[in-house]
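Read through the structure below, which is laid out as structure tokens, and then see the notes.
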Amino acid sequence: MLFGGALLGLFGAPAAALRLTMHGVTVPWGAILAVITLGVCVRGASYWMRSKIAGALVTIGWILVTLAYTALLPGGDVLLPDVSRTFGYLIGGFVVCLVATWWPMVKPSDDGTLVSVEDVGIGISDVG
């Protein structure tokens, strides 16, 4: 999960620079797409592993790589410059990761209603 989060940071940060300008309005579609993808992957990891820790590991991997991109390179270059779309990517990504990680997980029960995953006993069944 940590490696997957690092890959999201590795490819998400350069994608955050993609934008489209039409009629004087700039749309940072790369940052929006990267943040949405990040949220889906964090939530998917939590569901796949049935643990919020999996989502937290993806988040930590993303944060480590993304913060490395904010550091100055030896030539003085920065991959994530000090502009509003970068702040949107960083803050939006962090907020989406928090929400995706800590939102309660639910699964459908046998009668079709949604039950919290924390309420479901693993390997325990009612006999009666």
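The values are calculated or read from the model by the stated rules, or taken from the named source; none is laboratory data. Here the structure is a predicted model, which is why all the values come from computation and not from measurement. Cβ atoms come from the backbone with ideal geometry, glycine included; neighbour counts cover every protein chain shown. The accessibility values were calculated without ligands, DNA or RNA, using every heavy atom of the protein model including side chains. Shrake-Rupley method; radii C 1.70, N 1.55, O 1.52, S 1.80 Å.
Going by the structure shown, is Ile53 assigned to a helix (DSSP H, G or I), within 20 Å of Trp102 (Cα to Cα) and open to solvent by 90 Å² or more (accessible area, probe 1.4 Å)? Full working, then the answer.
Working: assigned to a helix (DSSP H, G or I): yes; within 20 Å of Trp102 (Cα to Cα): yes; open to solvent by 90 Å² or more (accessible area, probe 1.4 Å): yes.
Criteria met by Ile53.
Would you check which residues across the range 7-64 are among the hydroxyl-bearing types (Ser, Thr, Tyr) and farther than 24 Å from Leu79 by Cα and list them?
Initial filter on the range 7-64 (among the hydroxyl-bearing types (Ser, Thr, Tyr)): 21, 26, 37, 46-47, 51, 59.
Those that are among the hydroxyl-bearing types (Ser, Thr, Tyr) and farther than 24 Å from Leu79 by Cα: Ser46, Tyr47, Ser51.
Consider only pairs whose beta carbons are under 6 Å apart and that are at least six residues apart or on different chains; among these, list those whose first residue lies in the range 14-28 and is touching a residue at least 60 places away in the same chain (Cβ under 8 Å) and more than 20 Å from Leu67 (Cβ to Cβ) and whose second residue is open to solvent by less than 90 Å² (accessible area, probe 1.4 Å) and outside any helix (DSSP H, G or I). Once the first residue is touching a residue at least 60 places away in the same chain (Cβ under 8 Å) and more than 20 Å from Leu67 (Cβ to Cβ) and sits in the range 14-28, its partners that are open to solvent by less than 90 Å² (accessible area, probe 1.4 Å) and outside any helix (DSSP H, G or I) give Arg19/Thr26; Arg19/Pro28. All conditions in (1) open to solvent by 30 Å² or more (accessible area, probe 1.4 Å); (2) part of a helix (DSSP H, G or I) hold for Leu38, with the sole exception of (1). When the residues of the range 69-102 are filtered to those that are aromatic (Phe, Trp, Tyr) and under 13 Å from the mean Cα position of the chain (by Cα), which remaining residue is modelled with the highest pLDDT? Checking each candidate, the answer is Phe94.
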